[in-house]
1. Count, please, the residues in segment 1-39 that happen to be on the phi > 0 side of the Ramachandran plot and assigned to a strand (DSSP E or B).
2. What tally of residues in segment 61-78 results from selecting those that are in a strand (DSSP E or B) and closer than 18 Å to Asn113 by Cβ?
3. Need the failing condition index for Glu164 against (1) outside the structural domain of Glu62 (by TED's automatic domain parsing); (2) part of a loop (DSSP other than H, G, I, E, B); (3) surrounded by fewer than 17 Cβ atoms within 10 Å (Cβ to Cβ), just the number.
4. Which of the residues belonging to segment 240-270 are in contact with a helix residue (DSSP H, G or I) (Cβ under 8 Å, 6 or more places away or on another chain) and among the small types (Gly, Ala, Ser)?
5. Condition first: surrounded by fewer than 20 Cβ atoms within 10 Å (Cβ to Cβ), within 21 Å of the chain's Cα centre (by Cα) and either part of a strand (DSSP E or B) or among the β-branched types (Val, Ile, Thr) (or both). Now tell me which residues in segment 40-59 satisfy that.
6. Within segment 227-249, how many residues turn out to be of a type in the set (A, V, I, L, M, F, W, C) and more than 20 Å from the chain's Cα centre (by Cα)?
7. Is it the case that some residue within segment 316-338 is modelled with pLDDT of 75 or more, part of a helix (DSSP H, G or I), over 30 Å from Leu127 (Cβ atoms) and of a type in the set (Asp, Glu)?
Amino acid sequence: MNGEKVRLGDICELKYGKSLSKKVREAGEFCVYGSNGVVDNHVEGFTSGKTIIIGRKGSIGEVAFSDGSCWPIDTTYYVDETATKQDARWLYYTLGSLGLTKLNKSAAIPGLNRNDAYDKELWLPPLAEQKRIAGILDQAAELCRLRTRALEKLNTLGQAIFYEMFGSVHSNPNGFQRVVLGDLIKVSSGQGLTAKEMIPGDFPVYGGNGINGFHNEGPVGANRIVIGRVGVYCGAVHVTNHPCWVTDNALLVRQLQPCSVTYLAEALRVADLNQYAGRAAQPLISGSRIYPVEILLPPEDQQKRFGEALQAITRQQYSAERASNKIRILFASLQHRAFRGEL
């Protein structure tokens, strides 16, 4: 295999980004990059040509790519066409494979020292080989993006079908019964369980935004509705697929009237319960806040039809997720082989 082992500092310079406060930004065609990607746009950029942006403060070591001039702010390093003689796309993938996110030395705000980055060793192939490797990885990355977009579209189909079948609670074009949640459900907080208290096991642990770990006990059964109670994602709705543990950062739903769990979960999502959260210290919802909220209660046969439609979407989502995971594994394998000179 052609090439040689070199230090990162031998082949590029990590330049410091420049401050650009929100007050002085003017809407334009040039992307403004922070340590974790695009944060805004501006009327001018200052880098030369294709640019690689690396998180310096905060999200350290995260790598982004701009096809043209841009404005990396002062929480970043950047590599543009004046800072390297290597192929920009190859170097972008290489930087992403070096583990720069693990080089933090600051106890307070995470920070990346560029001298630590410079000491990273890598395999440097000839320029023509760099371009060939980058082309292969670009194709694999595009496949990942296409799969991700397809999955995102599938994730919105449930709500689209809901509106098509039932309409909104305000328009109610089919004249369905309106009920307030307090007449349909009761909610109660789950049981406290900190990360330190979790004992590794097979039972999912639900917090404010879904599964956040696994435990050796699962006192809550499958097919139960869980609503995030505290935090930015309070009001997020999940349905348990297996016995599980629900923490006190979430609310467990108990139904007072017969209603399809699948239908009710989607109706709660459509109701956007987060908008009813209290905002005093951190976002929080409770029974008293959501019980007055109205939803539609269509006949049982229509709820069943909706459940069947959603089940078909779920099967497609499962297939799409499996395909996406396979492509991500393939991409990681290609990267690994590429930077060992085996591609």
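1. 1
2. Summing the residues that are in a strand (DSSP E or B) and closer than 18 Å to Asn113 by Cβ in segment 61-78 gives 5.
3. (2)
4. Ser260, Ala267
5. Asp40, Lys57
6. 3
7. no
Here's the yes/no breakdown for (1) more than 25 Å from Asn274 (Cβ to Cβ); (2) touching a residue at least 60 places away in the same chain (Cβ under 8 Å):
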residue: Gly182; (1), (2): no, yes
residue: Asp202; (1), (2): yes, no
residue: Gly210; (1), (2): no, no
residue: Gly218; (1), (2): yes, no
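The values are calculated or read from the model by the stated rules, or taken from the named source; none is laboratory data. Keep in mind that what you see is a predicted model, and the values were worked out from it rather than measured. Quick reminder, even Gly has a Cβ in these numbers, built from the backbone with ideal geometry, and neighbours come from all protein chains shown.
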